[in-house]
Each structure stands twice: as C-alpha cells, then as structure tokens.
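Colleague: Here you go, one structure.
The values are calculated or read from the model by the stated rules, or taken from the named source; none is laboratory data. It should be emphasised that the depicted structure is a prediction, and the values quoted were computed from it without experimental measurement. Cβ coordinates were reconstructed from backbone atoms using ideal geometry, including for glycine residues, and neighbour counts include every protein chain displayed. These area figures cover heavy atoms from the full protein model, side chains too; ligands, DNA and RNA do not enter into them. Shrake-Rupley method; radii C 1.70, N 1.55, O 1.52, S 1.80 Å.
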Amino acid sequence: MSILIKNGNIITATDNYVADILIEGETIKAIGKNLDVVADEIIDATGMLVMPGGIDPHVHLDMPFMGTYSSDNYETGTRAALYGGTTTVIDFILQTQGKSLQSALTDWKSRSDNNAVGDYSFHMAVTDFNEDTKKEIKHFIEEEGITSFKTFMAYKGALMIDDRQMIGLMQEVKKHGGLINVHATNGDMIDFLIAKHKSEGKLAPLYHYLSQPEITEAEASGRFADMASYTGCPGYIVHLTCEGALNAVRNATRRNQKVFVETCIQYLILDASLYEQNFEGAKWVMSPPLREKKDQATLWAGINQGLVQVVATDHCPFMWEQKLMGKEDFSKIPNGHPAIENRMELLFSEGVNKGKITLNKFVEVSSTNAAKIFGMFPKKGTIAVGSDADVVLWDASEEHTLSASTHHMNVDYSGYEGWQVKGKVKKVLLRGKLAIDNNECKVGKGFGKFVKRNKVSQNI
Ligand code: URP
Ligand code: ZN
Ligand code: ZN
C-alpha cells in the first residue's frame, strides 16, 4: 500500500518547506517537489502543515495509584492521543516494592498487549533498588529496549526511594547506557507539610498546593543534578514546573553538566489560582501542583533557551467520582489530570499562535527531542526518508472549543473546558496507515505497537 501526501507545508525541528511525501508500507520512501510517482492513494495537503507525529513521553495508562486506577486504559488513552496528533506515548511501569522489575513488566504487558491503538513504549519506575533489582537493569536496557528508569524523590511510603538507592541505581544505569528520569520534589518536606495542614484541619484542595511549595522542587532538582553529576549518569527531570527548579538545572550547566528537562502543557498555561475555589480545584490536583504566572514565563523562556527540551502531559486522568475520594481530605485526592489529547493543539494555539515559540520549536519539543533523548530517533520524531510514516496534517487556521462533551479521553470532565484553540489536527497517519481522518478513528485496538528503544544519547 502506498500513499502520496501532496503539496503540504512540511515542518520538522529544523525545516519548513513545501513538498510531497511518498509512503510505502510503514515508512517514508521519498520526499520531493512534485514527485512523479504512482500511489494507491493521494492525500491533497495543500494549505496544511505536515508534521511528525507527536511523542508524549510521560503518560500513566491504567495505572494503579492512590487506591484506584487512572481511568484511561491502553485503548482509550492511545486512541485519544491519536485524535490529538500524538502517535507514540511512553508509559511508566511501576515496580511493586519487594517484587522484581520483571514481574512489573509482566503485569503492565497484561494491560497493554493487543490493546493499544497508537504506538507506545515503557519507562521502568524503580521503587525498590536492591541487589536483586540491580541485576535486572542490564537485561532491560539490552534485551527489552527499556532504556530509561524512573525514580520518585516523593510519595513517601509508596514510591519514594532514598538517595542511597538513587546513587546505586544511577551507577548501574550509567554502566549499561541508560538514563534516569526523576520526579524531583522533596518527599520528606512534603510529607511534613501535608501532616501539618491536616493537623490544623486544612483539608481543601488548596492545601495540596500549599504542601508542595516551590522550594520542595528546587531543592530536589538541585540534589538530583548533583547526584547525576557525581555518578555521570544521564538525567531527565520530568514535569518541571517552576523557576527555582529550572535555576537548579541552569546552575548545573555552569559545571558543564547537561540535565534534560521536561515540562507539561498545564504548567505553561494554567496557574495556581485554580485552587482558590472549593472542591472544584481537585480537577487540577496533581504533583507537582500548578504554579505562578512568573513560573509560566520561566518555562516558556526555558524552552527557547534550550534548557527545557520536552513538553509532555503527565496524563493521569481520574473520573470525578475518583477525585471525590479526597472530598474530606486533599491528601486522598488521586493526583493527576487529563491532557493526552489536548497537548499538541494547546501548545500550538498558546505557543505558536501567540508568538511564544516558532513552528520548528513546536515540533522539537512535542516530538523530535523526546525521540532523540529516549532512543527512538530517527525512526520516530521526524519526517525523513526511512522514518516511520507517523505524520500529522494540521489546519493552522481552524478554531474549535475543548470540552469533555467532545473529547475522546475516558474522563468525565476537562481541565480545559471551554478553551478556544486555533489549529486542528485533521489527519493522522501512524506507520503509513490513516489512523485519524476528520475526527474519525480508522484503526482499532491492537494496531499500536510496542517500540523497543535504543540506548540513550546525551547529545541531542
Ligand atoms: O499528579 C501526578 N503527577 N500524577 C501522576 C504520578 C506522577 O507523579 O507523575
Ligand atoms: Zn511525578
Ligand atoms: Zn507522571
């Protein structure tokens, strides 16, 4: 099966030109002006932007967390991602403390195998690093194609590891060519503040925010950078939200260290004023919490300074019924919010349209850099001969309104209800197959494939 995409305005992380793309099977075979070829199907892309499929390297699908499960499973989550122009996601496997990494992988596969609609890969979250876990790292990097290991410096008593475990894990991961991603907030400080607020009877969602002040993130980000510097292990800070934390990374560059940074769409465009209401604020209870306007400015600047390489989502949706678990106590509200479908359109509308980032930067932070950092480039993350034909056709001028009544995520509210966005995903091809066509999904559960990843590169 061959497809010719004609006359589109191709945007990559570096280029912007009008040309045709010939796809044969799952890959891009040729790119050129007025390609003189015969194809089974022709798509006229005149007037459209043609960009690589988005990559969201931070999602939680069907994840057991805080006494419940995130409400999007592999089918609903990856399908919603496709509707929003994201063709590949990376989910986090969580090791159960006391059990092996391998058993966690088996558990995750039981939920992902034959269920995904879009492509996916895994990070492995190590919540219990010991002599047995240590022996498993090499196998994951070399055989399973899982080359990134997530650590939590918070969620004390559940997922958090201490610095001793962190150093040991970093040394092992570095030895075999992997990378550590980290949730960098100070779990002990947060634990103290949660207990303090609860003892004072301060139980509303606002106190979730007040239990995780900027300093808790700045401190842990600096500590993580120090440990990564000491061990020489490549490090990637997930969902960085604030000025203090980005300054810790900026400081690390002064000793010629590179620490990769991801922020998420919500931290660029939403702020903590959303917590100043009654229980409604639970929709945005996530960790770290939303911050201040000055932090949004820092993050946009960080993107343009090359300090922030990736804009992800940390998609971790919960139904309203699940959020109500914390009605009487903010510390029981399941942490997370839905965005897998909205990330690309919001980033385009708020970033490109408002002059905060260029089109090339948009592609870089929503797709290319994640592919490079996580060992999928150039198979994923660009439009080039030989790459997977993961292609998004985008109408830059179409305006529409985000709403839970029209989105495809399995969650009964939207964090962006009523938001007007300009720029819409019109068609999405995944490995050469038309997956989304004018708001209709054309591929089914099981079409999504697991992406085995290569060892990481520190030079992107
Ligand atoms: O609130 C969040 N972020 N929920 C998902 C788990 C995590 O910390 O990434
Ligand atoms: Zn986290
Ligand atoms: Zn997360």
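Colleague: Using only the alpha-carbon atoms, how far is helix 187-199 inclined from the longest principal axis of the chain? Give it as 0 to 90 degrees, nearest 10.
Modeller: Around 60 degrees separate the two axes.
Colleague: Same structure again: If you fit an axis through the alpha-carbon atoms of helix 243-253 and take the longest principal axis of the Cα set of the chain, what angle between them do you get, 0 to 90°, nearest 10?
Modeller: 80
Colleague: Taking the range 325-385, which trypsin sites (Lys or Arg not before Pro) meet the DSSP loop condition and have no more than 16 other C-beta atoms within 10 Å?
Modeller: Values: sites: 327, 332, 343, 354, 356, 361, 372, 379, 380; in loops: 327, 354, 356, 379, 380.
Listed in order of number, the matching sites are 327, 354.
Colleague: In whole Hz, with x marking every Gly and Pro, tabulate ³J(HN,Hα) for the range 125-141 from phi via Karplus 6.51 cos²θ - 1.76 cosθ + 1.60, θ = phi - 60°.
Modeller: 8, 8, 10, 8, 8, 8, 4, 6, 4, 3, 5, 8, 4, 4, 4, 5, 6
Colleague: Considering the alpha-carbon set of the range 53-373 alone, what are its Rg and its Dmax in angstrom?
Modeller: 18.3, 51
Colleague: Among 51, 160, 189, what's the order by accessible area (1.4 angstrom probe), most exposed first?
Modeller: On the way: 51 5, 160 40, 189 70 Å².
Of 51, 160, 189, the descending order of accessible area is 189, 160, 51.
Colleague: Same structure, new question: Taking all protein chains in place and a 1.4 Å probe, what share, in percent, of the accessible surface of the chain do carbon and sulfur account for?
Modeller: 48
Colleague: Measure nothing fancy, just the Cα-based angle from helix 293-304's long axis to the longest principal axis of the chain, in degrees from 0 to 90, nearest 10.
Modeller: 50
Colleague: Follow-up question, since we're still on this one. When DSSP beta bridges are limited to those with both residues in the range 53-373, what percentage is antiparallel, rounded to the nearest 5?
Modeller: 5
Colleague: Could you state the accessible area per residue of the chain in Å², with a 1.4 Å probe and every protein chain left in place?
Modeller: 36
Colleague: Moving on to the next point. Sort 123, 407 by heavy-atom solvent-accessible area, probe 1.4 angstrom, most to least.
Modeller: Descending accessible area places them as 407, 123.
Colleague: Taking the Cα centre as origin and putting +1 on Lys and Arg beta-carbons and -1 on Asp and Glu beta-carbons, what dipole magnitude results for the range 53-373, to the nearest 20 debye?
Modeller: 700
Colleague: Next question, about the same structure. Pull up all non-local amide H partners of residue 389: gap of 5 or more, or a different chain, and H-to-H distance under 5 Å with H placed in the peptide plane.
Modeller: Result for residue 389 returns 27, 28, 431, 432.
Colleague: Quick one: ranking 298, 406 by accessible area, 1.4 Å probe, largest first, what do you get?
Modeller: 406, 298
Colleague: Next question. Round to the nearest 10 and report in Å² the accessible area of residue 264, as given by a 1.4 Å probe over the protein chains' heavy atoms.
Modeller: 0
Colleague: Let me ask something else about it. Mind jotting down the distance between the C-alpha centroids of the range 1-61 and the range 148-215, whole Å?
Modeller: When both Cα centres are located, 41 Å separates them.
Colleague: Would you kindly find the accessible area of residue 191, with a 1.4 Å probe and non-protein molecules such as ligands, DNA and RNA excluded, rounding to the nearest 10 Å²?
Modeller: Residue 191 has an accessible surface of roughly 70 Å² with all protein chains in place.
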